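Peer 1: Below is a structure I'd like to ask you about.
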Amino acid sequence: MFGAKLNKEIIDLLCKMIGTNLVSIETGASEAEFSRSYGKIRINFNASAIELSNLEKPTPFLDSLDDISGFSCEIKDKDTPFIPYLDEEIHTIPINEQITEITIINDLITIPDCSYQIEFDEAIIIKTVKGFYMISRDWQYNEIIRLSKHCNYDDIYPIDQVIESWNNFGTFMVDVKRTKHNVKEHE
């Protein structure tokens with residue numbers, strides 16, 4: 001089984017962020033509004049920061065290696081400057097709202113014919129006292145990170161498109177199970 005999931009260290013940090021402030025999100029996007037960013041973003045909290053990447057990396061898939069994207073995170077000192085993936089102007093989206101809940105949306109993709117499973121964290125939803133901030137990704141070959149000011153699950157890459165992208169032009173039957181987990185469950 002292949003997995004592109006947030007590691008325990010990041011989950012533990014996200015748990016600790018509940019009750020603190022989501023200070024800002026930094027992107028290399030071409031506009032300072034919520035839409036999308038290429039490659040990576042930075043989520044700034046009161047005392048720390050996380051750089052969230054969605055970059056392709058060589059990944060064992062069935063009998064070969066394929067370049068597949070998936071979320072990965074790195075904890076950063078809050079005073080370390082953010083460097084976007086591409087040479088773009090940095091845009092800081094100020095938020096300064098207290099975090100009340102963090103949810104991770106996960107897809108488990110099963111290809112029964114090959115007895116193979118792939119697991120991806122598809123979105124992180126940060127709920128604050130004033131609303132929601134959803135950070136999501138698309139299909140396995142896309143390095144775009146989507147940013148939304150709501151938790152509309154339809155904005156996450158739709159399950160029927162996940163199935164279509166993994167069925168190899170009809171070669172494989174594919175099953176997708178999408179779940180959501182509050183990070184407190186991981187404590």
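Okay, residues lined up against (1) of a type in the set (Ser, Thr, Tyr); (2) within 16 Å of Arg146 (Cα to Cα); (3) touching a Gly at 6+ places or on another chain (Cβ under 7 Å):
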| residue | (1), (2), (3) |
| --- | --- |
| Lys40 | no, yes, no |
| Phe71 | no, yes, no |
| Pro84 | no, yes, yes |
| Ile93 | no, yes, no |
| Ile102 | no, no, no |
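Peer 1: Is it the case that Ser136 is among the small types (Gly, Ala, Ser), within 30 Å of Thr171 (Cβ to Cβ) and at pLDDT below 90? Before you say what the answer is, go through the steps one by one.
Peer 2: Numbers: among the small types (Gly, Ala, Ser): yes; within 30 Å of Thr171 (Cβ to Cβ): yes; at pLDDT below 90: no.
The answer is no for Ser136.
Peer 1: Please verify whether the range 77-89 includes one or more residues that are surrounded by fewer than 13 Cβ atoms within 10 Å (Cβ to Cβ) and part of a strand (DSSP E or B).
Peer 2: no
Peer 1: Would you call Asp63 loosely packed, with under 14 Cβ neighbours inside 10 Å, among the charged types (D, E, K, R) and more than 27 Å from Glu26 (Cβ to Cβ)?
Peer 2: Here the answer is yes, as Asp63 does meet what is asked.
Peer 1: Same structure again: Got at least one residue in the range 107-117 being buried (at least 18 other Cβ atoms within 10 Å of the Cβ), touching a Lys or Arg at 6+ places or on another chain (Cβ under 9 Å) and under 20 Å from Cys73 (Cβ atoms)?
Peer 2: The answer is yes; a qualifying residue exists.
Peer 1: Could you tell me which numbered condition Tyr141 fails, if it satisfies all but one of (1) in contact with a Ser or Thr (Cβ under 7 Å, 6 or more places away or on another chain); (2) surrounded by 12 or more Cβ atoms within 10 Å (Cβ to Cβ); (3) not in a strand (DSSP E or B)?
Peer 2: Unmet condition: (2).
The values are calculated or read from the model by the stated rules, or taken from the named source; none is laboratory data. Quick caveat: nothing in here was measured; it's all calculated off a predicted structure. Positions of Cβ are generated from backbone atoms using ideal geometry, with glycine treated the same way; all protein chains shown enter the neighbour counts.
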